[in-house]
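S.K.: Handing you a structure now.
Laboratory data are not the source of any read-out in this text; all were calculated from the coordinates shown. Remember, it's a predicted structure, so these values are computed and weren't measured experimentally. Here the Cβ positions follow ideal geometry from the backbone for every residue, glycine too, while neighbour counts run over all protein chains shown.
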Amino acid sequence: MTGSMNSDVQNRLQWSLLSLRLGVFIVMVMWTFDKFVNPGHSARIFEHFYGISGSTDIVAYIIGAVQLVLALAFLAGIKKRITYGIIFVMHGLSTLSSYNQYIDGFNNLLFFTAWPMWAACFALYLLRDQDVKFTVK
């Protein structure tokens, strides 16, 4: 019975990690597409949240291209220590750079959704060796 129970828990863990990976990917790929569809939005975000001004459409496209490669590698589970780690750090920087929005929380409620996603990124990083469902070996 114990082997069967361990197998069931392992199977549920793998499906759970896949669902977290897909959820994080959806958000990351939408942020990526935004850089191509609306590069001016990226420039405003860089300036407002990171204090980086003077970004051009070309910069947004380059960052978007790199981010797309990263997001697809993350989705495929390629080089998990690196890709999951970079996704965790990137999302962490994004979450923490929004600190002013947390001060006026009730007028910026959607910013708080970044925290459970950051937790999902952390869980994926910690459990990356168990996240094997539909990944590239």
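S.K.: Quick one: which residue in F112, F33, F46 is in contact with a Ser or Thr (Cβ under 6 Å, 6 or more places away or on another chain), farther than 21 Å from L18 by Cβ and not aliphatic (A, V, I, L, M)?
M.R.: F46
S.K.: Residues that are more than 24 Å from R12 (Cα to Cα) and not polar (S, T, N, Q): find the helices (runs of 4 or more DSSP H) completely inside segment 62-137 holding 2 or more of those.
M.R.: Details: elements: 80-97, 99-103, 114-126.
Counting at least 2 such residues, we get 80-97, 99-103.
S.K.: Quick check on my filter: what residues within segment 8-60 are among the aromatic types (F, W, Y), more than 20 Å from S98 (Cα to Cα) and surrounded by 13 or more Cβ atoms within 10 Å (Cβ to Cβ)?
M.R.: Scanning segment 8-60 gives F25, F33, F36.
S.K.: Kindly check whether there is at least one residue in segment 94-109 that is loosely packed, with under 14 Cβ neighbours inside 10 Å, under 18 Å from the mean Cα position of the chain (by Cα), without any contact (Cβ under 8 Å) to a residue 24 or more places away in the chain and closer than 25 Å to D129 by Cβ.
M.R.: No; the residues of segment 94-109 include none that is loosely packed, with under 14 Cβ neighbours inside 10 Å, under 18 Å from the mean Cα position of the chain (by Cα), without any contact (Cβ under 8 Å) to a residue 24 or more places away in the chain and closer than 25 Å to D129 by Cβ.
S.K.: Ok, one more. Output the number of the condition that D131 fails; it satisfies all remaining conditions of (1) surrounded by 18 or more Cβ atoms within 10 Å (Cβ to Cβ); (2) under 26 Å from G40 (Cβ atoms); (3) out of contact with any Phe, Trp or Tyr (no Cβ under 7 Å at 6 or more places or on another chain).
M.R.: Of everything listed in (1) surrounded by 18 or more Cβ atoms within 10 Å (Cβ to Cβ); (2) under 26 Å from G40 (Cβ atoms); (3) out of contact with any Phe, Trp or Tyr (no Cβ under 7 Å at 6 or more places or on another chain), D131 misses just condition (2).
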